[in-house]
Amino acid sequence: GKGEYDHYMLKEIETQPTALSNTIEGRIDGGDVAFEALPPGSFDSIESVQFVACGTSYHAAMYGGQLVREAGVRADVLRASEYESTAGPVDETTLVVAVTQSGETADTLDAVRHAAARDARTLAVTNVVGSTAARETDDAVYIRAGPEVGVAATKTYSSQAVTLALLSQRIAGDVPDATPVADRAAMLEALEALPAHVETVLERGRAETLARELLDSDSYFFIGHGLGHSVALEGALKFKEITYEHAEGFAAGELKHGPLALVTEDTPVFAVATGSDDDEKTKTNAIEAQSRGAPIVAVGPDDQPLADVADAHLPVPDTHPVWAGLLANVQLQLLSYHAATQLERPIDKPRNLAKSVTVE
Ligand code: M6R
């Protein structure tokens, strides 16, 4: 049950440190990445990767896809519902990774079946042991987040993104000519500290006050660049899903190609920072919105350029840039939760939505 918590969503947000510890457990092995089902050499014959997913799982897949590409391996992240028209040719050198919390999403199952029928190698990254995705794919990797009851995916997003980041390094170790991230030891060390860093975000969250201050806005924008882009999309999806307010996520650089026309003093912009070079682009575009009157909220570490210009800041502890976006996302989960609570929304069962979407 939800015990002392008012909602499953809050419980699931607040138990992310434990979920993440379980996700990581036994998978970091002397500076390398180990997966029970995928011993070294598993991806020797793979030349490219396609991630297929829907909704929040798609945003986690974007995270993983970027890390696979940074390792020098061709990787596409495809919306499962558009798979047939966007996938292009696949064969036995293509690894198709179905990212699905439930393992039962019809669009995702359909995409992976389509790929399997064309000889692709298939892998499920899922939370549910024995789910259809786990049974029908060649291999399965479990995110080990524990059951998630709230319709809004929270802890499972964090556990998916971490699992996919680890998978990116496992793939990089096998695929010919791929190169694991240069500072992998530092990255993995920072991952071991991630559960404690999430705990810090939960303890120091300022999202509740900020949610109250901004509640009368017309629309809520979320922007970011690189890994921060996928976090911005996820922040906006969660916000609209449980508050019923209009929210939209953008690549920071896209703002000036249209959406800026909507920006006024009543459209707060949440700018996701990761503590990497990506933040400069986000800052430049945030300033464009700010000069049209929009309040800017920096979401990320203290030591990054957005913190200087922002009107408000949702801080996260310093960490490796690969993980900072996941900490920023916890702040955005809290923001959505508190905004929805103040608006007296039902939280765990938003209107019109189902936890597991088994129709196409
Ligand atoms: O079970 P899945 O991960 O395949 O579900 C995919 C989406 O339906 C799901 O992530 C949805 O977007 C969430 N409710 C968003 O919070």
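What number in nm² do you get for the range 169-232 if you take the convex hull of its Cα atoms and divide its surface by four? Intermediate values should be presented prior to the final figure.
Values: hull surface 26.8 nm².
With every direction weighted equally, the projected area is 6.7 nm².
What are the radius of gyration and Dmax of the range 48-171, computed over its Cα atoms and given in Å?
12.8, 37
Connecting C-alpha atoms closer than 10 Å in a GNM of the chain, tell me which of ALA298, ALA117, ALA211 has the biggest fluctuation.
ALA117
Given a 10 angstrom Cα cut-off, can you work out which residue in PRO301, PRO89, PRO147 is the most mobile in a GNM of the chain?
PRO89
Relative contact order, percent, of the range 224-360 when contacts are C-alpha pairs under 8 Å separated by at least 6 residues?
26
Could you tell me whether the range 185-274 comes out rounded, prolate or oblate from its Cα gyration tensor? Rule is a ≥ b ≥ c as square roots of the eigenvalues, rounded for a/c under 1.5, then prolate if a/b exceeds b/c, otherwise oblate.
Verdict is oblate for the range 185-274.
Using the Cα gyration tensor of the range 117-231, with a ≥ b ≥ c the square roots of its eigenvalues, what is the shape: rounded (a/c below 1.5), prolate (a/b larger than b/c) or oblate (neither)?
Since a/c reaches 1.5 and a/b is larger than b/c, the shape of the range 117-231 is classed as prolate.
Would you mind checking which residues have amide H under 5 Å from GLN50's amide H? H placed 1.01 Å from N; only 5 or more apart, or other chain.
Amide H neighbours of GLN50, under 5 Å, 5+ apart: ASP76, LEU95, VAL96, VAL97.
For the pair ARG74/GLU265, report the inter-label distance in nm, with labels modelled 7 Å from Cα in the Cβ direction.
5.2
Might you tell me the accessible area per residue for the range 133-214, computed with a 1.4 Å probe and given in Å²?
Ligands and nucleic acids excluded, the figure is 40 Å² per residue.
Please work out the Kirkwood hydrodynamic radius for the chain, using every pair of different C-alpha atoms, and report it in angstroms with one decimal place.
Radius from the Kirkwood sum: 20.3 Å.
Classify the range 241-293: rounded, prolate or oblate, from the alpha-carbon gyration tensor (a ≥ b ≥ c, eigenvalue square roots; a/c under 1.5 rounded; otherwise prolate if a/b is larger than b/c)?
It is oblate, given that a/c is not under 1.5 and a/b is not larger than b/c.
Could you tell me the relative contact order of the chain? Use alpha-carbon pairs under 8 Å, at least six residues apart, and round to a whole percent.
Details: 770 pairs, mean separation 66.6, N = 360.
Taking the mean separation of contacting Cα pairs over the length of the chain, I get 19 percent.
Would you mind putting 253-262, 283-292 in packing order, based on average other-beta-carbon counts within 10 Å, highest first?
The peptides rank, most packed first, as 283-292, 253-262.
Given 0.36 nm per residue, what is the gain on full extension from VAL357 to ASP302 after removing their alpha carbon distance, in nm?
That works out to 15.9 nm of additional length.
If I build a Gaussian network model for the chain, linking alpha-carbon pairs within less than 10 angstrom, which residue out of VAL99, VAL309, VAL49 has the largest mean-square fluctuation?
VAL309
Report, in listed order, any pair from LYS240/LYS281; LYS155/LYS349; LYS256/LYS355 with a Cα-Cα distance greater than 28 Å.
Violating the 28 Å Cα-Cα cut-off are LYS256/LYS355.
The values are calculated or read from the model by the stated rules, or taken from the named source; none is laboratory data. The structure presented is a predicted model; accordingly, all values stated were derived computationally and were not measured. Note that each Cβ is placed from the backbone with ideal geometry, even for glycine, and that neighbours are counted across all protein chains shown. Keep in mind that these areas ignore ligands, DNA and RNA; they rest on the heavy atoms of the full protein, side chains included. Shrake-Rupley method; radii C 1.70, N 1.55, O 1.52, S 1.80 Å.
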